[in-house]
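**Student:** This structure is in structure tokens; I'll ask about it shortly.
Nothing in this text is a laboratory measurement; each read-out follows from the coordinates by a stated rule. Please read these numbers as outputs of a predicted model, since none were measured by experiment. Glycine also receives a Cβ, built like all others from the backbone with ideal geometry; neighbour counts cover every protein chain displayed.
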Amino acid sequence: MKKLFLWICLLGFTLTSMAQEEKAEPKWADFNGTIAAEKNPKITMIYVYNTPCNLCPNIENKVFADSTVIKALEKDFIATKLFASSQEEYQYKGDTHKYTEFIDDEGVNTLAILLLDGKMGYPTCVFLDENNDKIGTHVYVREVGAMMQILEFYSSGKYVETAFEEWIKEQ
């Protein structure tokens, strides 16, 4: 009976560890290296997140875990992350951005404020062109299909001709 119990426990442990395989996600580029570059070979997508964020796990576990999104990001974009409350210093467009404390020991990095135009909603995807100029902001992309439309808009270069909302209407 003890051996049977031991085998059941061992089997349960094995199945549990197999089920907890590493989730698929894009190959995130180093944020400091990407943002500090004067010119990048591709459009940069910055995933801006923070804690606590009840919506961030959805985009991380659903949208960024989808194989079609991962392939599109790796093919046409430099994907990177920015933790909005990061206490690191960042250089962007000749300026130094630092963590700024607000009320009750809560704060945010001034780079997040700049990239989000002061509209601190999370999660947000910010797109920069090859010269690191901001070309678009998309707050809380809930579905894989919506993210694929956004990625197609930027990878096709349509952002140069038209606004995203107009392009969507034409589709």
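**Student:** Based on other C-beta atoms within 10 Å, arrange CYS125, CYS56 from fewest to most.
**Tutor:** CYS56, CYS125
**Student:** Now for a separate question. I'd like the distance separating the alpha-carbon centroids of the range 61-99 and the range 110-145, in whole Å.
**Tutor:** 9
**Student:** Once you sort the root eigenvalues of the Cα gyration tensor of the range 23-100 as a ≥ b ≥ c, which label holds: rounded (a/c under 1.5), prolate (a/b larger than b/c) or oblate (the other case)?
**Tutor:** Note, shape of the range 23-100 comes out oblate.
**Student:** Could you give me the radius of gyration and the Dmax of the range 28-170, taking only the C-alpha atoms into account and expressing both in angstrom?
**Tutor:** When restricted to Cα atoms, the range 28-170 yields Rg and Dmax of 14.9, 47 Å.
**Student:** What fraction of the DSSP beta bridges in the range 28-170 is antiparallel, stated in percent and rounded to the nearest 5?
**Tutor:** Roughly 65 percent of the DSSP beta bridges within the range 28-170 come out antiparallel.
**Student:** What is the extension gain from LYS134 to GLN91, computed as 0.36 nm multiplied by their sequence separation minus the C-alpha to C-alpha distance, in nm to one decimal?
**Tutor:** 14.0 nm is the gain from fully extending LYS134 to GLN91.
**Student:** Using θ = phi - 60° and the Karplus relation 6.51 cos²θ - 1.76 cosθ + 1.60, list the HN-Hα couplings for the range 24-32 in order, rounded to whole Hz, with x at every Gly or Pro.
**Tutor:** Residue by residue, the range 24-32 yields 6, 7, x, 7, 6, 6, 5, 4, 4 Hz.
**Student:** Let me ask you something else. From the phi angles alone, apply the Karplus equation (6.51, -1.76, 1.60; θ = phi - 60°) to the range 51-65 and give each ³J(HN,Hα) in whole Hz, x where the residue is Gly or Pro.
**Tutor:** 10, x, 9, 6, 8, 4, x, 5, 5, 6, 8, 10, 6, 6, 8
**Student:** Still on this structure, please answer the following. If you plug each phi of the range 157-163 into the Karplus form 6.51 cos²θ - 1.76 cosθ + 1.60 with θ = phi - 60°, what whole-Hz ³J(HN,Hα) values come out, in order, with x for Gly and Pro?
**Tutor:** In residue order, the calculated couplings are x, 4, 4, 6, 8, 8, 6 Hz.
**Student:** What is the set of long-range amide H partners of LEU82 at a cut-off below 5 Å, with H atoms built 1.01 Å from backbone N?
**Tutor:** Under 5 Å from the amide H of LEU82: TYR47, VAL48, TYR49.
**Student:** Check which residues have an amide H placed less than 5 Å from GLY136's amide H, if you skip close sequence neighbours.
**Tutor:** PHE127
**Student:** Each label point is 7 Å from the Cα along the Cα-to-Cβ direction; what then is the distance between the points at LYS75 and GLU38, in nm?
**Tutor:** Output for this residue pair reads 3.2 nm.
**Student:** I've got another one for you. Straight-line reach from LYS62: which lysines have Cα under 30 Å away, leaving out those fewer than 8 places along the same chain?
**Tutor:** Of all the lysines, those that pass the test against LYS62 - Cα under 30 Å, at least 8 places apart if same chain - are LYS23, LYS27, LYS42, LYS71, LYS75, LYS81, LYS119, LYS134, LYS158, LYS169.
**Student:** At most 10 other Cβ atoms within 10 Å and a DSSP loop assignment: could you name the chymotrypsin sites (Phe, Trp or Tyr not before Pro) in the range 91-171 that fit?
**Tutor:** In loop regions of the range 91-171 (DSSP not H, G, I, E or B), the sparsely surrounded chymotrypsin sites (Phe, Trp or Tyr not before Pro) are PHE102.
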